[in-house]
Amino acid sequence: MILIALEAILAFLGFFSGGSFLLDPSGESHDMDTTILEDTPVGDFALVGLFFVTFFGLLPILAIYGLWKLPRWRWTDTLNKWTGQNWAWTATAATGVTLIVWIAVEVMFIGSPDGFPRFLQVMMTLLGIVILALAMLPRVRAYTKLVD
């Protein structure tokens, strides 16, 4: 399934980038420095790394598991009642939305400064859009529909 492959790519990038930022909050491991964070609410890349590991590493892995196995966790039904979908669909859609919003906020706060690859921002936005678009396909929604 293409959606699972895209989630796996995002998870790899989330763990790799997030782990790098956690191990080196100065950003030097990414050829960045904290001066680009001057107009942001954070002083170094540690929180960015934690965010990446959580939302672009763990959440996609959880979504992959959910899409693969479609386990029914009754405690998630109240959260997904309004969608009519298994929690895996919600987690998948959330990864796409989170990625799109992250890039938008990143551009709003730091723009695309010299030395920061705009190509990467565009590619990550496209990845988020594709994940979200695939999650919205009728075939995917039918696959993840809640069944009583």
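Taking segment 110-131 on its own, how many of its residues are assigned to a helix (DSSP H, G or I) and either modelled with pLDDT under 85 or farther than 19 Å from PHE45 by Cβ (or both)?
To start, the set of residues in segment 110-131 that are assigned to a helix (DSSP H, G or I) comprises 110, 118-131.
The next check asks that each one be either modelled with pLDDT under 85 or farther than 19 Å from PHE45 by Cβ (or both); those that pass are 110, 118-119, 122-123, 125-131.
The number of residues fulfilling the criteria is 12.
A quick yes/no check of all residues on (1) crowded, with 18+ Cβ neighbours inside 10 Å; (2) of a type outside the set (Gly, Ala, Ser); (3) over 17 Å from the mean Cα position of the chain (by Cα); (4) closer than 14 Å to SER17 by Cα:
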site	(1), (2), (3), (4)
GLY43	no, no, yes, no
PHE52	yes, yes, no, yes
PHE55	yes, yes, no, yes
LEU58	no, yes, no, yes
TYR65	no, yes, no, no
LYS69	no, yes, yes, no
ARG74	no, yes, yes, no
THR78	no, yes, yes, no
TRP82	no, yes, yes, no
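Evaluate the following for PHE15: is it surrounded by 18 or more Cβ atoms within 10 Å (Cβ to Cβ), in contact (Cβ under 8 Å) with a residue 12 or more places away in the chain and of a type outside the set (S, T, N, Q)? Show your work before the answer.
Details: surrounded by 18 or more Cβ atoms within 10 Å (Cβ to Cβ): no; in contact (Cβ under 8 Å) with a residue 12 or more places away in the chain: yes; of a type outside the set (S, T, N, Q): yes.
For PHE15, the condition - surrounded by 18 or more Cβ atoms within 10 Å (Cβ to Cβ), in contact (Cβ under 8 Å) with a residue 12 or more places away in the chain and of a type outside the set (S, T, N, Q) - is not met.
What are the pairs with Cβ atoms under 8 angstrom where one residue, in segment 29-55, is without any contact (Cβ under 8 Å) to a residue 24 or more places away in the chain and the other, located anywhere, is of a type in the set (A, V, I, L, M, F, W, C)? Sequence gap at least six, or different chains.
Once the first residue is without any contact (Cβ under 8 Å) to a residue 24 or more places away in the chain and sits in segment 29-55, its partners that are of a type in the set (A, V, I, L, M, F, W, C) give SER29/PHE21; SER29/LEU23; HIS30/PHE21; HIS30/PHE45; THR34/PHE45; VAL42/VAL48; GLY43/LEU37; ASP44/LEU37.
Select from segment 1-12 the residues that are crowded, with 19+ Cβ neighbours inside 10 Å, out of contact with any Gly (no Cβ under 6 Å at 6 or more places or on another chain) and not acidic (Asp, Glu) and list them in ascending order. Spell out how you get there, then give the answer.
Taking segment 1-12 as the starting set, the residues that turn out to be crowded, with 19+ Cβ neighbours inside 10 Å are 3, 6-7, 10-11.
Now drop any that are not out of contact with any Gly (no Cβ under 6 Å at 6 or more places or on another chain), which leaves 3, 6-7, 10.
Once the filter is applied, which keeps residues that are crowded, with 19+ Cβ neighbours inside 10 Å, out of contact with any Gly (no Cβ under 6 Å at 6 or more places or on another chain) and not acidic (Asp, Glu), segment 1-12 yields LEU3, LEU6, LEU10.
Out of curiosity, is ALA135 within 30 Å of THR40 (Cβ to Cβ) and under 17 Å from the mean Cα position of the chain (by Cα)? Can you show your working first?
Details: within 30 Å of THR40 (Cβ to Cβ): yes; under 17 Å from the mean Cα position of the chain (by Cα): yes.
The answer is yes for ALA135.
Filter segment 81-91 down to the residues that are touching a residue at least 24 places away in the same chain (Cβ under 8 Å) and either assigned to a helix (DSSP H, G or I) or in contact with a Gly (Cβ under 9 Å, 6 or more places away or on another chain) (or both), then identify the one that is farthest from ILE129 (Cα to Cα).
By that ranking, first place goes to ASN86.
Given the options ALA94, ALA104, name the one that is part of a helix (DSSP H, G or I), modelled with pLDDT under 95 and either within 14 Å of the chain's Cα centre (by Cα) or of a type in the set (Lys, Arg) (or both). Write out each step before concluding.
Numbers: ALA94 fails: modelled with pLDDT under 95.
From the options ALA94, ALA104, the qualifying one is ALA104.
If the requirement is being surrounded by 13 or more Cβ atoms within 10 Å (Cβ to Cβ), without any contact (Cβ under 8 Å) to a residue 24 or more places away in the chain and either in contact with a Gly (Cβ under 9 Å, 6 or more places away or on another chain) or within 30 Å of THR35 (Cα to Cα) (or both), which of these qualifies: LEU146, LEU99, LEU132, LEU126?
LEU126
The values are calculated or read from the model by the stated rules, or taken from the named source; none is laboratory data. The shown structure was predicted, so the numbers you read here are calculated from the model rather than taken from an experiment. All Cβ positions, even for glycine, are placed from backbone atoms using ideal geometry, and neighbour counts span all protein chains on display.
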